[in-house]
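Here the structure comes first, spelled out in structure tokens, and everything after it is commentary.
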Amino acid sequence: MIVSPKIRGFICTTAHPEGCAKHVEEQIAVVKEKGTIEGGPKKVLVIGSSTGYGLSSRIAAAFGSNAATVGVFFERPGSEGKTATAGWYNTVAFEKEAKEAGLYARSFNGDAFSDEVKHEVIQAIHEDLGQVDLVIYSLASPRRTHPKTGEVLKSVLKPIGENYTNKTLNTTTGAVDEVSIEPAEGDDVDQTVAVMGGEDWEMWMDALMKAGVLAEGVQTVAYSYIGPEMTWPIYKNGTIGAAKEDVEKVQRSLDSKLAPISGKAWVSVNKALVTQASSAIPVVPLYISLLYKAMKDEGNHEDTIEQMDRLFRERLYNGKPDPDEAGRIRVDDWEMSDKIQEIVAKRWDEVDSDNLRDIADFEGYQNGFLRLFGFGLDGVDYEAETDTAVGVPSLS
Ligand code: NAD
């Protein structure tokens with residue numbers, strides 16, 4: 001099958017197997033270029049390992065620290081005539097590269113929120129690795145079936161209390177319009193906290209601890225975002241921000257629970273980047289386009305792989321996590337620097353459909369989005385037939 005991008009709003013419904021493989025190879029090269037992470041993780045569980053920050057975490061652990069990795073994700077396999085989701089192809093490529101490098105890699109495709117998947121993963125760790133010394137929690141999901149009640153909970157991206165109106169970007173046409181978003185109602189906040197908050201992270205850690213598969217000195221990290229004030233009504237002070245506050249609460253609780261095995265729980269605040277999850281948030285793609293331009297001009301732009309490499313190399317494994325006053329690791333530090341934020345804030349007021357391509361990196365945003373699905377990578381023949389039904393080795 002010849003595969004081309006089919007974009008519907010903020011998702012692309014196709015993915016390119018060789019393109020995704022190339023994207024994974026490029027990420028591996030970034031990590032290898034920097035050399036070995038001294039004292040890095042050795043046995044790692046990544047929950048949400050197939051795309052975005054989770055995939056880059058898995059790559060940084062495996063190729064920066066020769067770690068054995070177990071990955072959990074929810075992706076759709078392909079068939080003849082239908083492509084898989086990008087995360088599936090990313091994992092096919094990751095496992096192939098890991099095998100060639102002599103690294104253990106095992107993957108689980110299923111609902112990470114369920115008791116069954118937790119049980120299967122724990123069993124596998126028990127049998128194959130004994131224990132893990134790092135657990136990354138990087139799920140981003142619009143819904144969760146609660147494992148105890150069976151209730152299907154939905155996460156929404158809404159302001160809390162009042163309407164929010166601001167500029168937004170049509171990421172297909174490049175038009176800068178205004179968007180007005182109604183505030184959360186009913187149990188929107190509770191449902192969003194139930195999906196994107198910390199309960200499932202805590203359930204994972206409780207189950208792993210109970211099964212005795214956490215090594216002495218284990219670290220666990222969940223990812224968060226704060227961002228600048230212009231996005232606070234829809235992010236930090238919105239429904240998703242309430243969920244992230246809950247993640248921080250759970251981090252403190254996990255810290256106490258892990259103390260007996262000298263373990264440590266962290267929240268790492270990462271940079272705003274185009275991923276499948278962030279492209280769905282109103283206002284954020286315009287902010288990201290302005291941010292990319294400012295950071296590229298400054299020479300300190302990073303993608304998910306550079307962020308995760310820096311998190312491991314310079315914070316988690318060199319004894320200098322450098323937490324903020326709330327105990328969070330901040331690899332969003334370069335994004336949030338006064339210099340970058342002043343530029344972005346000024347341009348936020350000025351930006352419109354006419355000057356978007358001059359003062360923002362719309363091309364970078366669009367390229368970044370397409371790359372998530374394996375399109376627009378150098379050295380891939382997009383005219384050639386490709387096998388869309390490739391399987392993840394550890395799942396076949
Ligand atoms: P993403 O959409 O790229 O990745 C989500 C991952 O979760 C995928 O591996 C997917 O398969 C998996 N997943 C979703 N539902 C699942 C389920 N039910 N069972 C198993 N796996 C499931 O998202 P991302 O942007 O990398 O986000 C990961 C984390 O990073 C989130 O907590 C997000 O808030 C945080 N973060 C993102 C940004 C950003 O700008 N993208 C910035 C800071 C923090």
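Read the figures in this text as sums done on the coordinates, not as results from a lab. Just so it is clear, the structure is predicted and the values come from calculations on it, not from any experiment. In this analysis, Cβ positions are derived from the backbone assuming ideal geometry, glycine residues included, and neighbour counts consider all displayed protein chains.
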(request) With N set to the residue count of the chain, report its C-alpha Rg divided by 2.2 N^0.38 Å to two decimal places. (result) 0.95
(message) Taking the number of other C-beta atoms within 10 Å as the exposure measure, put Ile7, Ile343 in order starting with the fewest.
(response) Ile7, Ile343
(request) Could you check the simple spin-label distance between Lys34 and Glu229, using points 7 Å along Cα→Cβ, in nm with one decimal? (result) 3.2
(message) Cβ neighbours within 10 Å, averaged per peptide: list 271-284, 189-202 in order, most packed at the top.
(response) 189-202, 271-284
(request) Within the set of other residues whose C-beta is less than 13 Å from the C-beta of Lys293, count the net charge using Lys and Arg as +1 and Asp and Glu as -1. (result) -3
(message) Using just the Cα positions, wrap the range 317-371 in a convex hull and report its mean projected area in square nanometres, one decimal place.
(response) 6.2
(message) Under the 0.36 nm per residue contour assumption, what length would be gained going from the current alpha-carbon distance of Lys257 and Asp111 to full extension?
(response) 50.1 nm
(message) Please give me the summed charge of the neighbours of Gly78: other residues whose Cβ is under 15 Å from its Cβ, Lys and Arg +1, Asp and Glu -1.
(response) -2
(request) Would you work out which of Pro41, Ser180, Asn367 lies farthest towards the positive end of the dipole of the range 7-395, given +1 charges on the beta-carbon of Lys and Arg and -1 on that of Asp and Glu, about the Cα centre? (result) Pro41
(request) Find how much the distance from Ala389 to Lys296 grows on full extension, using 0.36 nm per residue of separation minus their present alpha carbon separation; answer in nm with one decimal. (result) 29.8 nm
(message) Only counting other Cβ atoms within 10 Å, I'd like Leu377, Leu291 sorted with the fewest neighbours first.
(response) Leu377, Leu291
(message) Could you order the peptides 257-269, 236-248 from most to least packed, using the average number of other C-beta atoms within 10 Å per residue?
(response) 236-248, 257-269
(request) Report, in deg cm²/dmol and to the nearest 500, the calculated mean residue ellipticity at 222 nm for the chain, where each DSSP H run with n ≥ 4 adds -39500 (n - 2.57) and the sum is divided by the residue count. (result) -11500 deg cm²/dmol
(request) Please report how far the C-alpha centroid of the range 355-387 lies from that of the range 92-158, rounded to the nearest whole angstrom. (result) 28
(request) Quick one: of Lys6/Lys249; Lys244/Lys320; Lys32/Lys154; Lys249/Lys271, which pairs are farther than 30 Å apart, Cα to Cα? (result) Lys6/Lys249; Lys32/Lys154
(request) Among DSSP beta bridges whose residues both lie in the chain, state the antiparallel percentage, nearest 5. (result) 30
(message) With a cut-off of 8 Å between alpha carbons and a minimum separation of six or more residues, what is the relative contact order of the chain in percent?
(response) 24
(request) Name the shape class, rounded, prolate or oblate, that the alpha-carbon gyration tensor gives for the range 246-396, where a ≥ b ≥ c are the square roots of its eigenvalues, rounded holds for a/c under 1.5, and otherwise prolate holds if a/b is larger than b/c and oblate otherwise. (result) oblate
